[in-house]
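Heads up: the structure comes next, in structure tokens.
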Amino acid sequence: MKVIFMGTPEFSVGTLEALIEAGHEVVLAVTQPDKPKGRGHEMQFPPVKEAALRYGIEVYQPRRIRETECIEKLRFYQADIMVVIAFGQILPKEILEMTPYGCVNVHASLLPKYRGAAPIQWAVIDGEQVSGVTTMQMDEGLDTGDMLLKTEVVLDQKETGGSLHDKLAKAGAALCVETLRQMEAGTVIPSKQGESPTAYAKMLDKTLGKIRWEDSAASIERLIRGLNPWPSAYTTWDGKIMKLWAADVSEEEGPKTAVPGEIVRVEKDAFTVKTGLGLLIVRELQIQGKKRMDAGSFLRGAKIKEGTVLS
């Protein structure tokens with residue numbers, strides 16, 4: 001097929017490469033504009049742009065895809081299908097209906113669960129045991145189009161947002177290739193979505209990572225994993241931001257006089273914090289301005305005492 005590929009982050013790159021390797025002709029890669037990054041504010045290419053240029057594919061970076069000139073630009077290529085994965089802009093009806101096979105989206109959840117911008121992280125935060133990828137025929141709604149194919153991925157006990165991202169990216173690439181094969185063969189059977197049993201997977205921001213010690217140890221531990229590597233879960237200690245990267249849950253109640261956020265035990269390689277339900281054993285952390293480290297390394301250089309309250 002002649003494919004216009006639309007995507008932006010690293011999650012999209014594997015699917016682009018899989019389409020090329022499967023023999024499809026990717027005639028255009030559409031991605032978000034370059035953005036400044038780092039202290040020097042140097043302009044950085046989106047990962048999809050970097051990949052497309054490696055393969056000699058033309059790149060198009062519109063600021064607003066729904067503008068008339070953008071729509072006409074896409075029409076020029078007379079593609080058979082558009083493949084969309086984490087592009088970052090809402091497509092108008094003119095684009096959705098432009099090609100014979102329409103627009104196929106690769107979505108990182110088992111629809112209708114976790115419609116929205118951050119399905120990977122919310123699956124971890126919510127404690128899902130199984131996630132997956134769905135290919136969908138796009139319509140004008142937000143992740144509401146007819147489902148085409150699905151594949152399931154089982155979450156490990158210590159799954160993080162980062163590790164699940166990598167698993168689903170790989171699964172999505174294979175599923176997209178299979179979806180296009182079945183669409184060409186006429187064997188894929190679209191199915192309507194029902195109501196979503198989960199909340200909309202809203203976009204992540206840094207405020208989401210602020211730990212509420214009144215919550216249960218289990219929910220805090222899932223938050224830590226879900227927001228790893230970005231934007232990270234955090235608390236404050238000694239006036240500094242303390243990011244938590246890894247922890248374990250203990251169902252012990254701890255001292256009855258302790259308050260949520262209070263450090264109730266300091267050991268050689270970990271320290272334990274009282275929560276609203278159970279105890280959280282901190283294994284890996286990062287202090288503002290310092291490198292990520294295991295709790296043992298932190299404790300060898302920090303004077304942290306039982307009774308300290310993290311805020």
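Yes/no matrix, rows are residues, columns are (1) touching a Cys at 6+ places or on another chain (Cβ under 8 Å); (2) part of a helix (DSSP H, G or I); (3) of a type outside the set (F, W, Y):
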residue: I57; (1), (2), (3): no, no, yes
residue: C70; (1), (2), (3): no, yes, yes
residue: I95; (1), (2), (3): yes, yes, yes
residue: P100; (1), (2), (3): no, no, yes
residue: V106; (1), (2), (3): yes, no, yes
residue: K113; (1), (2), (3): no, no, yes
residue: L142; (1), (2), (3): no, no, yes
residue: V153; (1), (2), (3): no, no, yes
residue: Q157; (1), (2), (3): no, no, yes
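None of S216, S191, S196, S232 is of a type in the set (G, A, S) and in contact with a Leu (Cβ under 6 Å, 6 or more places away or on another chain) except S216.
Every residue, every condition in (1) closer than 30 Å to Q286 by Cα; (2) touching a residue at least 24 places away in the same chain (Cβ under 8 Å), yes or no:
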{"site": "L175", "(1), (2)": "no, yes"}
{"site": "G186", "(1), (2)": "no, no"}
{"site": "P190", "(1), (2)": "no, yes"}
{"site": "Q193", "(1), (2)": "no, yes"}
{"site": "D205", "(1), (2)": "yes, yes"}
{"site": "W213", "(1), (2)": "yes, yes"}
{"site": "A218", "(1), (2)": "yes, yes"}
{"site": "E221", "(1), (2)": "yes, yes"}
{"site": "L227", "(1), (2)": "yes, yes"}
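If you filter the stretch 237-288 down to residues that are assigned to a strand (DSSP E or B) and polar (S, T, N, Q), you find that the one that is surrounded by the fewest Cβ atoms within 10 Å (Cβ to Cβ) is S250.
Filtering the stretch 80-90 to residues that are in contact (Cβ under 8 Å) with a residue 60 or more places away in the chain, closer than 11 Å to M6 by Cβ and assigned to a loop (DSSP other than H, G, I, E, B) leaves A86, F87, G88.
Table: residues versus (1) at pLDDT below 95; (2) among the aliphatic types (A, V, I, L, M); (3) surrounded by 12 or more Cβ atoms within 10 Å (Cβ to Cβ); (4) within 19 Å of the chain's Cα centre (by Cα).
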{"position": "T160", "(1), (2), (3), (4)": "no, no, yes, yes"}
{"position": "L164", "(1), (2), (3), (4)": "no, yes, yes, yes"}
{"position": "K167", "(1), (2), (3), (4)": "no, no, yes, yes"}
{"position": "K170", "(1), (2), (3), (4)": "no, no, yes, yes"}
{"position": "L175", "(1), (2), (3), (4)": "no, yes, yes, yes"}
{"position": "L180", "(1), (2), (3), (4)": "no, yes, yes, no"}
{"position": "G194", "(1), (2), (3), (4)": "yes, no, no, no"}
{"position": "A201", "(1), (2), (3), (4)": "no, yes, yes, yes"}
{"position": "W213", "(1), (2), (3), (4)": "no, no, yes, no"}
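Within the stretch 223-233, being surrounded by fewer than 19 Cβ atoms within 10 Å (Cβ to Cβ) and either among the aromatic types (F, W, Y) or in a helix (DSSP H, G or I) (or both) holds for one residue alone: W230.
From the residues in the stretch 120-135 that are among the aliphatic types (A, V, I, L, M) and under 14 Å from the mean Cα position of the chain (by Cα), which one is surrounded by the fewest Cβ atoms within 10 Å (Cβ to Cβ)? Walk me through how you get there before you give the answer.
Of the stretch 120-135, the ones among the aliphatic types (A, V, I, L, M) are 120, 123-125, 130, 133.
Add one more test, that the residue is under 14 Å from the mean Cα position of the chain (by Cα), and what stays is 120, 123-125, 133.
Numbers: I120: 26, A123: 29, V124: 25, I125: 21, V133: 28.
Step by step, filter the stretch 120-135, then rank; the result is I125.
The values are calculated or read from the model by the stated rules, or taken from the named source; none is laboratory data. Quick caveat, the model's predicted, so the values are computed rather than measured. Note that each Cβ is placed from the backbone with ideal geometry, even for glycine, and that neighbours are counted across all protein chains shown.
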